[in-house]
1. State which residue is farthest from S111 (Cα to Cα) when the search covers only segment 182-212 and only residues that are within 13 Å of the chain's Cα centre (by Cα) and more than 16 Å from the ligand (Cβ to nearest atom).
2. Mind counting the residues in segment 128-148 that are farther than 25 Å from A66 by Cβ and in contact (Cβ under 8 Å) with a residue 12 or more places away in the chain?
3. Just for segment 127-156: of the residues that are hydroxyl-bearing (S, T, Y) and in contact with a helix residue (DSSP H, G or I) (Cβ under 7 Å, 6 or more places away or on another chain), which one is farthest from the ligand (Cβ to nearest atom)?
4. Against the definition (touching a residue at least 24 places away in the same chain (Cβ under 8 Å) and closer than 23 Å to Q310 by Cα), how does P175 come out, yes or no?
5. Scan segment 105-126 and give yes if some residue there is surrounded by fewer than 14 Cβ atoms within 10 Å (Cβ to Cβ) and touching a helix residue (DSSP H, G or I) at 6+ places or on another chain (Cβ under 9 Å), otherwise no.
6. Answer with yes or no whether A159 is away from the ligand (no atom under 16 Å from the Cβ), assigned to a helix (DSSP H, G or I) and surrounded by 21 or more Cβ atoms within 10 Å (Cβ to Cβ).
7. Which ranges mark the strands (runs of 3 or more DSSP E) fully within segment 33-139 that have 1 or more residues being closer than 20 Å to L177 by Cβ?
Amino acid sequence: MTMRMKWYGFVALALLAVGVASAQDDATWTVKPEWVRAHEEFLASDAMGGRGSATRLEEIAANYVASEFMGYGLKMAPGMTGYLQSAEIDVAMNTNGRQRLTIVDAPTKTSRKTFNAVGYLEGSDPASGTILLTAHLDHLGTKEQAGDQIFNGANDDAAGTTAVLELAHALASGPKLKRSVLFVCYGSEEVGGLGSTYFGAHPPVPLASIVANLEFEMIGNQDPKMPKGVLLFTGWERSNLGPTLKEHGAQLGPDPYPEQHFFQRSDNYMLALKGVVAHTAAGWGTPPTYHQANDDLEHLDLAFMTAAIQSMVEPMRWLASSDFKPEWNKGGQPKGR
Ligand SMILES: [Zn+2]
């Protein structure tokens, strides 16, 4: 009898220990470098031809992202019947022979589709708001020139797309969060933020319920002006989002290139114009490979990238579990259109 009680007691203690250990496993997550490499090897491959804005290859990239979202267990966003949102983009030629792309309501003879991949992780208290994590999946496609003609965009912005994918993977695999999280990879950023403009006009949740948007851009290289392992955060002084995330462990710091106006140069701006507290986290502002054909896998610092994504996992879990509602500082919100 005594022996048996001891035995049961031991099993109960062992089960308790296993329970504690698995709870700890849930709270930590390791972003594996091979996952980061796998996304890059697909998105930045020559076969993907540089993922030109509003092209068939952009559509394939969007399908890849959507399929990964499904694999991680993300759901379709409210009101959506799939993981893709598409917009009609008219492609006109300017008098100087350059393409001019604009969103149109209905297909035209010269229009093409652009695609946003959208995944949704529902929180336990959806009324507490939604966090929006974004990147852009398009790049410059190909250009006729001597030598390499494929602009792979491994850093711009397959790297940010990889960050959104692996944050979706991490957050969907962990404990249930209070707030919902929308993961969106936009098409047609490179031709004027058209995917994000369309998303801002047709959001699956009301824009007023989006408490913060963080875009990931070009996190494939360490910026020589930033402390080691720290991402630059555009428009740092415009709101209390960056400083508060930093207080909660995010490796973020002020953008050292205010003259470059990076805050206005990515998808976050389209949402910021509509009032959402929206910023971009980036690695090196404009590395030597910026908008060059050699922005390819070989020129990525995959270890830096993996560490950068890892560093955002816990801060994003905190943001999605807290009551903190970021606010614009006085004069920080850009004027809406
Ligand atoms: Zn970009």
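Readers should treat all values here as calculations from the given coordinates under stated rules, not as data from a laboratory. On a predicted model such as this, the values are computed, not experimentally measured, just so you know. Here the Cβ is made from the backbone with ideal geometry for all residues, glycine too, and neighbour counts use every protein chain on show.
1. Here the residue is A212.
2. Qualifying residue count for the region: 5.
3. Within segment 127-156, the match that is farthest from the ligand (Cβ to nearest atom) is T130.
4. Working: touching a residue at least 24 places away in the same chain (Cβ under 8 Å): yes; closer than 23 Å to Q310 by Cα: yes.
So P175 fits the description; yes.
5. No, that holds for no residue.
6. Taking the combined requirement at face value, the residue does not satisfy it.
7. 111-121, 130-136
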